[in-house]
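Worksheet: the structure to be examined is printed underneath.
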Amino acid sequence: MEEEAMERDQPLTPAGRLFLQPLMNQVINCTVAVEFPIDVDACKAELRSSILLQHPRFCSLMVTDSGGREHWRKTKVDVDRHVIVRHEPLSDDISISDDDAVNDFIADLSVSSPLPTDKPLWEIHLLMAHKTVLFRVHHALGDGISLMSMMLSCCRRVDDPSQPPTIGGVGAASSSPRRRAWSVWTLVKVVWYSLIYILEFSLRALWLKDKTTAVSGGDGVELWPRSLASARFRLDDMKIVKRAVVDATINDVLFGVISCGLSRYLDIKTPKALPEGLRITGIAMVNLRPQAGLQDIWKLINSKSGTGWGNKFGTLLLPVYYHSGGLDPLQFVKRAKTMIDKKKLSLEAPFSYKVGDMVMSLFGSKLASILNYRIVCNTTFTISNVVGPREEITMAGNPVKHIRTTSSSLPHALTMHMVSYAGFADMQILVAKDIIPDPKVLAECFQNALLEMKEAAVITIPKASADK
């Protein structure tokens, strides 16, 4: 019977195997705060009838064969083992807010709480005292796009409870160059930028490293205690800034905010200690599916579809630059746009995905995890941005207030994960608290950076209109 079971087992994808390695073991922690007290029975009933329990990855154990290769083995799911109900508050301090209590809880989970392997690699924690649902899903099961699309398939719109949230065409554009009529000069730039960025990507896995700053991590920092803070942005504010910079996108504004916010924070921590224009390199995960943004869940589950379930993302090295106070805040967005436009023309993201897949297949997951770990050690921060539903939604009939996500700790002392929902974008800022002891100050620096940009944009937009 054991042999028959092994014959039915499905091998993990190379990316899935990578996320199970000790150096890169990643669990995604996604919180959904709701308006009313949580109905446990309604949540379990919704889960039992959901698409989630029809997906083979969520109904399979991760097993290892005699040769050390990981496989998925189908099993019966006991919902009661996956839904963990916690009635008592997370903190004895009654003065602490729900957001802070949940953030502290997740910060502790991000360092020292792997998922048990005697059941499929996901859990749902119902934090009753804080009216919050915590989804813990191993990254081997899928990337942010896959998992967000799966979660939203269990939700309904507030304005029309018979309809699921709107998906499709709402995310950031894919990073790979789209097929279009290109000029010779554009093709030359594609080749040139691809060569430059691929070379840099390779060097980052060897010895090329960022200069040490007050936000730098390094080898072993993934084991250090964590703190978690939240920054909240109005999407309308981002759109005002976007309109003030010709052909800018929301992602351009986001990286401008990160560059400006980090500069302001470094001015506070180490005033006049850093050279102007110092490069601080981040790692960004970008969707490689043909369709940008959230996906139709049935197309994801269908393996013959071009969208495909799993970890379908490439990696980009995205530099931001330190500039001291006094600079026009819109300059941060303009510089970010120039950099991102070059990245969009390059093949860096597809290259990183294909090379990672090749290394995993030829040399095994251990070497691949070492190379990925070195890239993380040689850069300064991680950033991801997943576009959520545009309209307000309900989960098990309970209106959702916000959606936030983060992941297990990395050698970076700073990781940022942003999810948009119903006109707002929430960024979870996970830090090594011995390096960045005041993440709320950093969150305020990011929020203030956007407000400064908005103020500058409000002045700039009428001038631009007058010029026309």
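Helix-only mean residue ellipticity at 222 nm, the chain, DSSP H runs n ≥ 4 weighted -39,500 (n - 2.57), per residue, nearest 500. What is it?
Computed mean residue ellipticity for the chain: -12000 deg cm²/dmol.
For each pair in Lys239/Lys354; Lys209/Lys343; Lys119/Lys354, compute the distance between the two Cα atoms and list the pairs where it is over 28 Å.
Values: Lys239/Lys354 34 Å; Lys209/Lys343 20 Å; Lys119/Lys354 31 Å.
Where the Cα-Cα span goes over 28 Å, the pairs concerned are Lys239/Lys354; Lys119/Lys354.
According to the Cα gyration tensor, what semi-axes, each the square root of 5 times an eigenvalue, does the equivalent ellipsoid of region 213-270 have, listed from largest to smallest in whole Å? Write down the numbers at each step before the final one.
Details: eigenvalues 167, 37, 25 Å².
So the equivalent ellipsoid measures 29, 14, 11 Å along its semi-axes.
What accessible area per residue, rounded to a whole number of Å², is obtained for the chain using a probe radius of 1.4 Å? Please report the intermediate quantities before stating the final value.
Numbers: 21180 Å² over 468 residues.
For the chain, the per-residue accessible area is 45 Å².
How high is the relative contact order of the chain, given as a whole-number percent (alpha carbon pairs under 8 Å, six or more residues apart)?
Numbers: 918 pairs, mean separation 117.6, N = 468.
Relative contact order for the chain comes out at 25 percent.
Output ³J(HN,Hα) for region 438-452: one whole-Hz value per residue in order, computed from phi by the Karplus curve 6.51 cos²θ - 1.76 cosθ + 1.60 with θ = phi - 60°, and x for Gly and Pro.
Running phi through 6.51 cos²θ - 1.76 cosθ + 1.60 with θ = phi - 60° gives 10, x, 5, 5, 4, 4, 5, 4, 5, 5, 5, 4, 5, 5, 4 Hz.
Of the accessible area of the chain, with the probe set at 1.4 angstrom, what percent is carbon plus sulfur?
On the way: 11900 of 21180 Å².
That fraction is 56 percent.
Relative contact order, percent, of region 22-174 when contacts are C-alpha pairs under 8 Å separated by at least 6 residues?
Working: 186 pairs, mean separation 48.4, N = 153.
Normalised by residue count, the contact order of region 22-174 is 32 percent.
The values are calculated or read from the model by the stated rules, or taken from the named source; none is laboratory data. From a predicted model like this one, the values you see are computed outputs, not experimental measurements. The accessibility values were calculated without ligands, DNA or RNA, using every heavy atom of the protein model including side chains. Shrake-Rupley method; radii C 1.70, N 1.55, O 1.52, S 1.80 Å.
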